[in-house]
Amino acid sequence: MFKRPSKDECLDAIGLSNKRSRETGLYDLQPKTISVPVTSELIRALQPDSSAFNPVPSPGSSDWLANHKESGQTFEEFLYSSPRVPDEKRSVIHILPLTFFEDVVPSDVLEQLAHFASNFFAMPVEILHTESFDKKIQNRINEYSGLVQVNAGQILGTLSKLLPSDSFCLGAITMCDLYPQDSWNFVFGLANMKHRVGVYSLARYMPGFDEGIASSNAHLSSGEKSVLLKRACLLMCHEICHMFGLQHCIYFHCLMNGSNHFEENDSKPLRLCPVCLRKLHSSCGFKIIPRYAKLAEFCHSAGMKSESEWFEKRLHQLS
């Protein structure tokens, strides 16, 4: 049975001491976890303010943490795992539109995905030419939806052969439903950290999927495309974070929480908690405040009101 981490356990996971500084009133970084130059901006951004970061939700019977044993990954454990980091040779995130027999992801959604990912990871992002894997990957008919699914594990094996020489990681995105192994109903996405490839599906976000209808993206309204974009950004960044070595988060309500079903996945925020933010920051070295400003601007322009408001509020707290 999952037990929500205590306040001290959350502080330790971030790499903060459990006592506040007399000078600043902030929790200081634990010396053993300092891997990059420390700035006041970084220390402020890692404070687990209750007004900005909520505890991980208590799982219901069908939720991820009620069905999967997760021990969590502290920042210190992340460092000891020797995660891969971008370098001069491998500095680009590539997005690969992938098709089997269904429509390709809309080009405007792909362009916005690339824009969001570039801001989220503070790295160049490039969209590759569409690849068709039709008849190359094992498939099956899902007994619940009645729709065709393809084997995500086999896709990863093929993607590893398509990795460009300058690619830090390659994320394939498809409108076809996925499954990781025969015993699973479906999976939203799957990544291979070692080979730096991942695949994620938007199929279950399409109107009519629950009725067993494989909807065409050509029939999406502007409002439906906006919702699809938010879900696609969340799913894409979750899988790419896995390729940076981040494991599922059990400390706060976070983009890196696991999800077992549509409602749980849809409830996750489009942002990282202090634990996961510190992990990604140590790998990418971005400036946190400018990054938040760009994400706020993107979310505002994309009609993601609650996300835009959170980033703007956080900017005000950190300024």
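The values are calculated or read from the model by the stated rules, or taken from the named source; none is laboratory data. Source: prediction; values computed, not measured. When we count neighbours, we look across all protein chains shown, and the Cβ atoms used for this are built from the backbone with ideal geometry, even at glycine. Quick note on the areas: whole protein, heavy atoms, side chains included, nothing else; ligands and nucleic acids left out. Shrake-Rupley method; radii C 1.70, N 1.55, O 1.52, S 1.80 Å.
General observations
- On Cα atoms only, tilt of 222-243 relative to the major axis of the chain in degrees: 70
- Taken as Cα centroids, region 228-278 and region 30-73 sit 12 Å apart, rounded to the nearest whole angstrom.
- The 3J(HN,Hα) values that the Karplus relation (6.51, -1.76, 1.60; θ = phi - 60°) gives for region 245-253 are, in residue order, x, 6, 9, 4, 8, 10, 9, 9, 6 Hz. Gly and Pro appear as x.
- Unpartnered cysteines - no second Cys beta carbon under 4.7 Å - across the chain: Cys10, Cys169, Cys176, Cys233, Cys237, Cys241, Cys276, Cys284, Cys299
- Zero-based 10 Å bins, Cα pair distances in the chain, whole percents: 6, 27, 35, 24, 8, 1, 0
- Percent accessible area from carbon and sulfur atoms, region 100-194, protein chains only, probe 1.4 Å: 49
- Surface listing: Lys7, Lys230, Lys294 arranged by accessible area from highest to lowest gives Lys7, Lys294, Lys230, probe 1.4 Å.
- Take every Cα pair under 8 Å whose residues are at least 6 apart in sequence, average their separation, divide by the length of the chain, and the relative contact order is 21 percent.
- Dividing the Cα radius of gyration of region 165-313 by 2.2 N^0.38 Å, with N the residue count, gives 1.07.
- Per residue, the convex hull spanned by the Cα atoms of region 67-179 measures out at 151 cubic angstrom.
- Share of alpha-carbon pairs per 5 Å distance bin for region 157-196, given as whole %: 5, 19, 28, 23, 16, 6, 2, 0
- Table column - 3J(HN,Hα) (Hz), region 40-47, Karplus curve with 6.51, -1.76, 1.60, x for Gly and Pro: 5, 4, 5, 4, 5, 5, 8, 5
- Amide H contacts for Phe252 (H built 1.01 Å from N in the peptide plane; partners 5 or more residues away or on another chain; cut-off under 5 Å): Val56.
- Probe 1.4 Å, all protein chains present, accessible-area order of His300, His195, His129, largest first: His129, His300, His195
- Kirkwood radius and radius of gyration were both taken over the C-alpha atoms of region 1-132, and their ratio Rg/Rh is 1.06.
- Tilt relative to the chain, helix 107-121 - C-alpha long axis, 0 to 90 degrees, to 10: 20
- Surface analysis of region 114-262 yields an accessible area of 40 Å² per residue, using protein heavy atoms and a 1.4 Å probe.
- Pairs from Lys3/Lys313; Lys7/Lys268; Lys69/Lys136; Lys135/Lys225; Lys69/Lys305; Lys3/Lys230 whose Cα-Cα separation, in the structure shown, is over 32 Å: Lys69/Lys136; Lys69/Lys305
- Largest first, the residues Asp182, Asp8 sort by 1.4 Å accessible area into Asp182, Asp8.
- Fraction of accessible area attributable to carbon and sulfur, region 232-312 (%, probe 1.4 Å): 49
- Solvent-accessible area of Val104 with every protein chain in place, 1.4 Å probe, in Å² to the nearest 10: 60
- Taking Cα atoms only, the orientation of helix 305-318 departs from the longest principal axis of the chain by about 20 degrees.
- Sites matching chymotrypsin sites (Phe, Trp or Tyr not before Pro) across region 1-104 that sit in DSSP coil, with at most 16 neighbouring C-beta atoms within 10 Å: Phe2, Phe101
- Dimensionless Rg/Rh of region 13-73 - Kirkwood Rh, Rg from C-alpha atoms: 1.09
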